[in-house]
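Chemist: What follows is a structure written as structure tokens; I'll ask about it next.
The values are calculated or read from the model by the stated rules, or taken from the named source; none is laboratory data. Since this is a predicted model, take the numbers as computed values, not measurements. Heads up, the Cβs are rebuilt from the backbone with ideal geometry, glycines too, and the neighbour counts pull from every protein chain shown. Each accessible area value is taken on the protein alone, full model and side chains, heavy atoms only, with ligands, DNA and RNA left out. Shrake-Rupley method; radii C 1.70, N 1.55, O 1.52, S 1.80 Å.
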Amino acid sequence: MSNGFLGYDASLMLDVVVCALVLVVPTLAYSIYVVKIRRNYVRHRNVQVALGAVLLVTVLAFEIDLQVVHGGWENVVNRDPDEPRLPPERLEFVQQILRVHLVFAISTPLLWAATLLLAWRRFPRPPFPSAHSRLHKRLGWLSTADIALTSVTGLMFYYVAFVA
Ligand code: HEM
């Protein structure tokens, strides 16, 4: 199945990643609710570690599929070079959205990994507020904003490239 399952002309892995981008925001909102309101630090840690692992595997599979199997996103958008779906001026516009998306998509895993690793090493076990809380809250909210913007701009890219 090379056309995905959402009914558009994208690839299977693009559709998988779009679903992951939609699901990540409510999952993160739940995790922050759990830590901030319920003060359930163990569940917050477990959700964050699981989310990190799922996103890592999904993004790796997506990149291998897009770069190695398809040879770049242009080949997915314009599958048939004789009959391109997007003309050059539209392709240029989609490329601009993609550039903005990549700023967030590249910084997110770095920030996410730093937040996760520092939390893992510096919080007591089981996790509890400590001297690391101040830095963790800053990194945690930054990571949250970064991944939310990755999600919004990723969905914008999918929309302009395959839906509109
Ligand atoms: C990238 C992964 C993570 C993100 C994005 C994240 C995000 C957050 C955010 C936004 C808060 C602040 C909530 C508030 O304003 O009160 C928070 C609090 C907290 N997180 Fe995380 N977190 C992550 C991973 C972890 C991990 C792996 C642990 C444990 C090992 C952990 C333990 C805690 C604790 C103990 C607090 C409460 C801090 C306090 O209220 O003093 N977090 N996290």
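Chemist: Principal axes first, then extents: for the Cα atoms of segment 1-50, list largest minus smallest coordinate on each axis, whole Å, largest first.
Modeler: That gives 44, 15, 9 Å along the principal axes, largest extent first.
Chemist: Helix 41-63 versus the longest principal axis of the chain: what is the Cα-based angle in degrees, 0 to 90, to the nearest 10?
Modeler: Value to nearest ten degrees: 20.
Chemist: In whole angstrom, note down how far apart the Cα centers of segment 113-164 and segment 1-35 are.
Modeler: With segment 113-164 and segment 1-35 each reduced to a Cα centre, they are spaced 16 Å.
Chemist: What do you get for the angle between helix 12-36 and the principal long axis of the chain? Use alpha-carbon atoms, 0 to 90 degrees, nearest ten.
Modeler: So the inclination is approximately 20 degrees.
Chemist: A further question on this structure: With θ set to phi - 60° and the Karplus curve 6.51 cos²θ - 1.76 cosθ + 1.60, what are the ³J(HN,Hα) couplings of segment 66-82 in order, to the nearest whole Hz, using x for Gly and Pro?
Modeler: 5, 7, 8, 6, 8, x, x, 5, 4, 5, 7, 5, 10, 4, 9, x, 6
Chemist: Per 10 Å bin, what is the whole-percent P(r) computed from every C-alpha pair distance within segment 45-127?
Modeler: That works out to 14, 34, 26, 16, 8, 2, 0, in percent per bin.
Chemist: Also: Using a Debye calculation, one point per C-alpha and no hydration shell, please list log10 I(q)/I(0) for the chain at q = 0.11 Å⁻¹ in order.
Modeler: -0.51
Chemist: For segment 107-164, what's the relative contact order in percent, using C-alpha pairs closer than 8 Å and at least 6 residues apart?
Modeler: On the way: 21 pairs, mean separation 23.8, N = 58.
Worked out over segment 107-164, it gives 41 percent.
Chemist: While we're here: Angle, helix 88-122 long axis vs. longest principal axis of the chain, Cα atoms, 0 to 90°, nearest 10?
Modeler: Taking the Cα atoms of the chain, the angle to 88-122 is about 20 degrees.
Chemist: Can you give the accessible area per residue of the chain, in Å², using a 1.4 Å probe?
Modeler: Here the residues of the chain average 61 Å² of exposed surface.
Chemist: Checking a compactness column here: for segment 95-164, what do you get for Rg(Cα) / (2.2 N^0.38 Å), N being the number of residues?
Modeler: Here the Cα radius of gyration is 1.41 times the empirical estimate.
Chemist: So, with a 1.4 angstrom probe, what is the percent of accessible area on the chain that is carbon and sulfur?
Modeler: Percent of accessible area from carbon and sulfur atoms in the chain: 68.
Chemist: Right, something else. Evaluate the relative contact order of the chain (contact order divided by residue number), counting alpha-carbon pairs under 8 angstrom at least 6 apart; express in whole percent.
Modeler: On the way: 129 pairs, mean separation 46.2, N = 164.
Value for the chain: 28 percent.
Chemist: List the trypsin sites (Lys or Arg not before Pro) within segment 31-123 that DSSP assigns to loop and that have no more than 16 neighbouring Cβ atoms inside 10 Å.
Modeler: Passing sites in segment 31-123 are ARG38, ARG39, ARG79, ARG85.
Chemist: Suppose every Lys and Arg Cβ carries +1 and every Asp and Glu Cβ carries -1, with no other charges. What dipole size does the chain come out with about its Cα centre, to the nearest 20 debye?
Modeler: 1720 debye
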